[in-house]
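The values are calculated or read from the model by the stated rules, or taken from the named source; none is laboratory data. Remember, predicted model here, so these are calculated numbers, not experimental data. Cβ: placed from backbone, ideal geometry, glycine included. Neighbour counts: every protein chain shown.
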């Protein structure tokens with residue numbers, strides 16, 4: 001194997017210490033994890049509340065109420081109570097649907113931001129493993145150019 005072949009193998013192997021020492025990679029992994037979680041929860045809950053909104057939106061009680069011209073006080077309260085409860089259920093479902101749509105969008109944003117940071121961090125980490133004969137000098141721990149050693 002040539003020295004370039006050995007370098008290709010070395011650059012593919014990155015130690016765990018190098019990974020968790022990179023703040024960009026750690027931030028990318030965190031955003032990826034949060035993004036995936038929010039995306040899954042947002043999608044599942046949005047679907048659930050979308051179905052609930054669809055069910056509660058079409059009760060038909062509002063149209064039935066207009067058919068009754070004269071109702072006594074007790075019947076009037078009963079019909080209005082059912083309409084009010086249905087409207088409250090519908091409004092609560094709409095608010096929750098809106099909330100989980102925001103969670104879904106935030107999850108997608110976190111996921112793609114984390115993906116970009118992770119790819120950028122990996123590229124940066126692998127570029128640090130270039131050999132000393134490359135065009136860009138690498139600085140050692142004390143700030144001295146390693147290529148000069």
Only one of (1) over 27 Å from residue 16 (Cα atoms); (2) at pLDDT 65 or above does not apply to residue 59, and that is (2)
Of (1) surrounded by fewer than 13 Cβ atoms within 10 Å (Cβ to Cβ); (2) at pLDDT 60 or above; (3) touching a helix residue (DSSP H, G or I) at 6+ places or on another chain (Cβ under 9 Å), residue 75 fails just (3)
(message) Would you confirm, using the coordinates I've provided, whether residue 43 is touching a helix residue (DSSP H, G or I) at 6+ places or on another chain (Cβ under 8 Å), within 30 Å of residue 121 (Cβ to Cβ) and either in a helix (DSSP H, G or I) or at pLDDT 80 or above (or both)?
(response) yes
